[in-house]
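One structure is given here, and the rest of the page talks about it.
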There are 2 protein chains.
Amino acid sequence: MVAENPRRAQIRREAARLFAERGFLGVGVDEIGRAVGISGPGLYRHFAGKDAMLADLLIGISERLLDQGRRRVDGADDPRAALESLLQGHIDFALDESALITLHDRELLNLPDKERRQVRSLQRQYVELWVGVARDVFPGLGEEARPAVHAVFGLLNSTPHSAAVGPSGADHPAGRAAMAELLHRLALGALGAAAETGPTA
Amino acid sequence: MVAENPRRAQIRREAARLFAERGFLGVGVDEIGRAVGISGPGLYRHFAGKDAMLADLLIGISERLLDQGRRRVDGADDPRAALESLLQGHIDFALDESALITLHDRELLNLPDKERRQVRSLQRQYVELWVGVARDVFPGLGEEARPAVHAVFGLLNSTPHSAAVGPSGADHPAGRAAMAELLHRLALGALGAAAETGPTA
DNA sequence: TGAGCCTGTGAACGATCGTTAACTTATACG
DNA sequence: CGTATAAGTTAACGATCGTTCACAGGCTCA
């Protein structure tokens, strides 16, 4: 870690915003350049190409989610606390970095094979982390734990769609804190209901 | 209704599949043509352009969802039955037409202004239909009914992501029926939890 | 001072893409 | 029979896009 190039960070931020707004293929390199104050080809001094920018963003977010999730589970006193912590972490992420969350499951198909496999692997590990914790908290979940966790992700990640995404990300209809609390309750309610009367298969 | 052109229906089907697989901007007209056995420019005998194909798909699905939803609510004996029916209808849609569900909230930004406004209007009416019913069933839901409904849509529409989408759509991990049942329970559990102890604001 | 790197520029390239044009074939019909 | 229409074809167009190239200014440092 050697004091990350600030220009690279700026490009990342603007590219994420533009990709989320109009899609990876809908944004040209000249436009990304203009957003950071340089011209299109100048970006190639900082990234190997447009694909590399998307790969950097998607791998970065996948690693951050997984690392944060592992740290939270390891630091929790019991399964219930682990689930609560996972939830809070993911909700914070969805509310504060909605552009990245959007890209995370919308632009995977635009990645080159190698990087796509890497992101998928990280995503899979993150899901398994949740599945393990969910099974501990809700023993009633059997074979359905994995699809239930996937559905909960869909629920949590839906926030970018439910409000126009402002620059600060703080303009959710009911306020950020209220939205976080609501998502928390929705997710727990869903998992709890999946565990009740579900087949033990 | 004058016996819809079968070639148009074929183009719609293949275009929906390709757009869902690789994105609207990631698919060329030549490829769509090849999928239906003609060549690229031949498509222009059936659609005004590529944009028109996407518009046809998105407007079509939005209208079908809204029409079906209204019919189901009108035909229900009580609010609870209306919610159950809305749920079943949307789940059937998500499971049987996962390609369209994917496009529905992924490719809106690629529509021309006029058509995008039309789809947004239909979507808004569909959401309001759900919000009304959800408020009747769960009086505890106040201001949070709308974001909660949005989140439930995210949950239900997540199914395309949780399994590789087979041609028949019937290859969900736990079987179609089990998946439908699980989604039903998850959605009801989420809404119920949102209504409990939630601010009445 | 001057050599070398870092970061930027504008011009140009090759490829791809949506669309149009000109033309052909087959079918339906008065 | 003759003709209008529907549904294809290939060729070509203009535009856009990602990327490369050749070059220039400025900073560091021996």
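The values are calculated or read from the model by the stated rules, or taken from the named source; none is laboratory data. Bear in mind the structure is a predicted one, so any value in this text is a computation, not a measurement. Positions of Cβ are backbone-derived with ideal geometry, glycine not excepted, and every protein chain shown enters the neighbour counts. These area figures cover heavy atoms from the full protein model, side chains too; ligands, DNA and RNA do not enter into them. Shrake-Rupley method; radii C 1.70, N 1.55, O 1.52, S 1.80 Å.
Some points to look at:
- Segment A:1-27: number of residues that are touching a helix residue (DSSP H, G or I) at 6+ places or on another chain (Cβ under 7 Å) and within 14 Å of chain B (Cβ to nearest Cβ): 10
- Against the conditions (1) open to solvent by less than 30 Å² (accessible area, probe 1.4 Å); (2) within 15 Å of DNA strand D (Cβ to nearest atom); (3) under 23 Å from B:GLN118 (Cα atoms), B:LEU43 satisfies every one except (3).
- The sole residue among B:GLY33, B:GLY37 that is over 19 Å from B:SER98 (Cα atoms) and either among the basic types (Lys, Arg) or more than 12 Å from DNA strand C (Cβ to nearest atom) (or both) is B:GLY37.
- Residue check, A:PHE19 among the hydrophobic types (A, V, I, L, M, F, W, C), within 10 Å of DNA strand D (Cβ to nearest atom) and not assigned by the TED database to the domain that holds A:ALA180: no
- So A:ASP56, is it within 14 Å of chain B (Cβ to nearest Cβ) and either within 16 Å of DNA strand D (Cβ to nearest atom) or aliphatic (A, V, I, L, M) (or both): no
- One residue from B:GLY175, B:GLY198 being at pLDDT below 95 and in contact with an Asp or Glu (Cβ under 8 Å, 6 or more places away or on another chain): B:GLY198
- Matching residues, segment B:22-39, being within 12 Å of DNA strand D (Cβ to nearest atom), under 30 Å from A:ASP105 (Cα atoms) and loosely packed, with under 15 Cβ neighbours inside 10 Å: B:GLY28, B:ASP30, B:ARG34
- Residues within segment B:143-172 that are of a type outside the set (Val, Ile, Thr) and at pLDDT below 90, tallied: 12
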